[in-house]
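Data block below; observations after.
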Amino acid sequence: MKFKEIFTESQKHVYYQEGEIWLSYGQGSGQTIQLPNVKKYLTSDKNDKNYDSLVKDIEKWSDSAKPIKQKSNVKLFEIPVYGRSNMGDKFDIWGGDFKPKDKMYMVVTKDKNTIINFFTNKNEALNWVKSIS
C-alpha cells in the first residue's frame, strides 16, 4: 500500500497556492497541477491539450467532499487561496493559524470525461453551473 493511499479522500484538501492547485493530504505533501492561469480548464481526456492525470484524483476527491452547490453531474466547490507562507506557518486547513488570503471556485463536471473549471468570482461560477446543468 502506498503512503498516500492510507489517507481517505475526505482527509485530503484541495487548495490553490502561487500558481498551483494542490490535492494534499498534508501541508506541502500531495500532488500539484501547475495552473498559473486560473481561467484554463482541465480535463481527463488524454487527447485534449488541457489533459492532466490529476483530474481523476480530484474527481475521486469530489465524490466525498461537500460541494457548496450540486446539480446532477456538476459540483461547485469553494477552495482556499493561500499566499506565500514562511517556514513553520501551518495552514488553517491543517489546524494552524495561517489563513487563506482569498478563495476561488472549482466546478467539477463528470460526464464521458471529467472537466474542471476554476473561477475567481462566485456568481460567475454559479452561472456556469446553471448553464451546463
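Since every read-out is calculated from the coordinates, none of them should be taken as a lab result. These numbers come from a predicted model, not from an experiment. All Cβ positions, even for glycine, are placed from backbone atoms using ideal geometry, and neighbour counts span all protein chains on display.
Could you calculate the contour length gain from Thr32 to Lys56, that is, 0.36 nm times the residue separation minus the distance between their Cα atoms, to one decimal place in nm? Please list the in-between numbers first.
On the way: separation 24, 0.36 × 24 = 8.64 nm, distance 1.28 nm.
Full extension of this stretch gives 7.4 nm more.
As an exercise, use a Förster radius of 22 Å and the Cβ-Cβ distance of Asp63 and Arg84 to find the FRET efficiency, rounded to the nearest 0.05.
Rounded to the nearest 0.05, the efficiency is 0.10.
Return P(r) of region 57-133 (all Cα-Cα pairs; 10 Å bins starting at 0; whole %; ordered from short to long distances).
18, 44, 28, 11, 1
Rounded to whole Hz and in sequence order, give me ³J(HN,Hα) for region 88-104 from the Karplus expression 6.51 cos²θ - 1.76 cosθ + 1.60, θ = phi - 60°, writing x for Gly and Pro.
Computed from phi, the couplings for region 88-104 are x, 5, 10, 4, 5, 5, 10, x, x, 9, 7, 8, x, 8, 6, 9, 9 Hz.
For Lys12, give me every one of the lysines with a C-alpha distance below 22 angstrom, ignoring sequence neighbours fewer than eight places off in its own chain.
Output for Lys12: Lys2, Lys4, Lys56, Lys60, Lys66, Lys69, Lys75, Lys90, Lys99, Lys101, Lys103, Lys110.
I'd like the orientation of helix 54-64 relative to the chain: the angle between its Cα long axis and the longest Cα principal axis, in ° from 0 to 90, rounded to 10.
Roughly 90 degrees, rounded to the nearest 10.
Could you list which residues have their amide H under 5 Å from that of Thr114, counting only those 5 or more apart in sequence or on another chain, with H placed in the peptide plane?
Excluding prolines and chain starts, which carry no amide H, the hits are Ser44, Asp45.
Given the DSSP H assignment, sum -39500 (n - 2.57) over each helix run of at least 4 residues in the chain and divide by its residue total; what's the result at 222 nm in deg cm²/dmol, nearest 500? All intermediate terms of the calculation are to be shown ahead of the outcome.
Values: 2 runs with 22 residues, N = 133.
The per-residue figure over the chain is -5000 deg cm²/dmol.
So if each residue of separation counts as 0.36 nm, and I subtract the Cα-Cα distance between Lys46 and Lys99, what length gain in nm does that give?
In short, 15.5 nm is gained.
Treating only the Cβ atoms of Lys and Arg (+1) and Asp and Glu (-1) as charged, compute the dipole magnitude of region 12-133 about its Cα centre; round to the nearest 20 debye.
Charge dipole, region 12-133, about its Cα centre: 360 debye, nearest 20.
Pull up the cross-link candidates among the aspartates and glutamates for Lys49, meaning alpha carbon to alpha carbon under 20 Å and not fewer than 8 places away within one chain.
Leaving aside aspartates and glutamates fewer than 8 places away in the same chain, those within reach of Lys49 are Glu20, Asp57, Glu59, Asp111.
Based on the alpha-carbon gyration tensor of the chain, what equivalent-ellipsoid semi-axes (square roots of 5 times the eigenvalues) come out, in whole Å, largest first?
Working: eigenvalues 108, 62, 41 Å².
For the chain, the ellipsoid semi-axes come out as 23, 18, 14 Å.
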